[in-house]
Amino acid sequence: MHVVVTGGSSGIGLEVAKIYARRGVSVSLIARNVDRLDAARREIEQASGGKAEVFVAAADAAVHAGISAAVQACEAAHGPCDILVASAGIVEPGWFHEQAPDLFDAQWQTNFAGVANVVRPVYASMRQRGQGRIMIVSSAAAFIGIPAYAAYCGSKAALVGFADALRLEAMGKGVSVGICFPPDTDTPQLSRELKSRPKEAELLMGSIKPRPAKEIAEKIVVGIDRRSAHVYFTASIAALGLFGPLARPFIEVWYRLKLRK
Ligand SMILES: NC(=O)c1ccc[n+]([C@@H]2O[C@H](COP(=O)([O-])OP(=O)(O)OC[C@H]3O[C@@H](n4cnc5c(N)ncnc54)[C@H](OP(=O)(O)O)[C@@H]3O)[C@@H](O)[C@H]2O)c1
């Protein structure tokens, strides 16, 4: 069994990789920074008590050719990918009218195109073999517009359409396509993000204690085990996922009232 995790050098992806490594599964990590990849490889090998074989490949998910080559290298090391967890992602809060186009584009390229770029090289082979599981890491921000998060919300919402369409394409072919929607999770990304999260976003989201990355990773892996189509993590995220179009007008009225205070 071979699990490929993009964004596996940090946060949620790293915790997912550790769970599989403890199960004795071959794991490959893809991210951009080589030093962080090497550190993660050592951490995972240690966490698995020497059971795991971890391969790392440096690539930018936003660059199609680079990520394809990285997947090829992973598959040369550990065999065909059985499970793909697409966790690589970035967030750069900023008001749309002020944010540099490059920062906006980077979020779109990484969070949306970056997922499609890594699914492409594994999906065709999974289909051919009649087996495989894909889990895409979106965000609760897919379900609700958050001020100063236009690029992030847009890119994470687009993943819902991508995953839902691909799941239907894969139906009956032995390949499951799931998507998960984590809440605020205690990771290096969140620590960076909180420094530039404006009070308006805070107002909308409230101050919910971030979840430990390990807890989120455990639920993701259960979702993959069960071939779940959607993994919501909390009752309020499930409600937003299932009844978002009904709830959003009320949330907007509530937000307008809070803004006035
Ligand atoms: N933390 C939260 O509160 C939260 C909530 C909801 C959803 N999420 C989502 O969960 C996923 C993981 O986030 P996290 O909090 O675990 O973040 P993190 O700790 O910052 O980890 C992000 C990982 O993605 C990699 N990465 C970033 N850009 C990349 C690129 N262009 N190409 C390849 N790898 C890239 C990073 O490594 P390099 O920088 O070395 O490339 C790192 O390994 C993201 O998709 C995020 O949007 C997070």
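Quick note: the coordinates plus some simple rules give every number you see, no bench work behind them. What you see is a predicted model; the values in this text were computed from it and never measured. All Cβ positions, glycine included, derive from the backbone under ideal geometry; neighbour counts span all protein chains shown.
Out of every Cα-Cα pair that the chain contains, those further apart than 24 angstrom amount to 46 percent. Here the range 2-260 is treated with +1 on each Lys and Arg Cβ and -1 on each Asp and Glu Cβ, and its dipole about the Cα centre works out to around 620 debye. Counting lysine pairs in the chain that sit 8 or more residues apart in sequence, or on different chains, and whose Cα atoms lie under 26 Å apart gives 25. Along the axis of the charge dipole computed for the chain (Cβ charges of +1 for Lys and Arg, -1 for Asp and Glu, origin at the Cα centre), the listed residues 243, 158, 61 are led at the positive end by 243.
If the chain between residue 173 and residue 192 were fully stretched, how many nm would it gain, using 0.36 nm times the residue separation less the Cα-Cα distance?
Working: separation 19, 0.36 × 19 = 6.84 nm, distance 4.03 nm.
Extra length from residue 173 to residue 192 when fully extended: 2.8 nm.
Once the chain from residue 35 to residue 238 is taken as fully extended at 0.36 nm per residue, the excess over their C-alpha distance is 69.4 nm.
Note the per residue figure in Å³ for the convex hull of the C-alpha positions in the range 1-136.
On the way: hull volume 13.2 nm³, N = 136.
Dividing the Cα hull volume of the range 1-136 by its residue count gives 97 Å³.
Could you please rank 87, 138, placing first whichever residue has the fewest other Cβ atoms within 10 Å of its Cβ? The partial results should precede the final answer.
On the way: 87 30, 138 27.
Lowest to highest Cβ neighbour count: 138, 87.
Fewest-first ordering of 14, 203 by other beta carbons within 10 Å of each residue's beta carbon gives 203, 14. Relative to a virtual label point 7 Å from the Cα of residue 69 in the Cα→beta-carbon direction, which members of the range 114-134 show backbone nitrogen distances below 18 Å? Within reach of a label on residue 69, which here means backbone N under 18 Å from a point 7 Å along Cα→Cβ, the range 114-134 contributes 114, 117-122.
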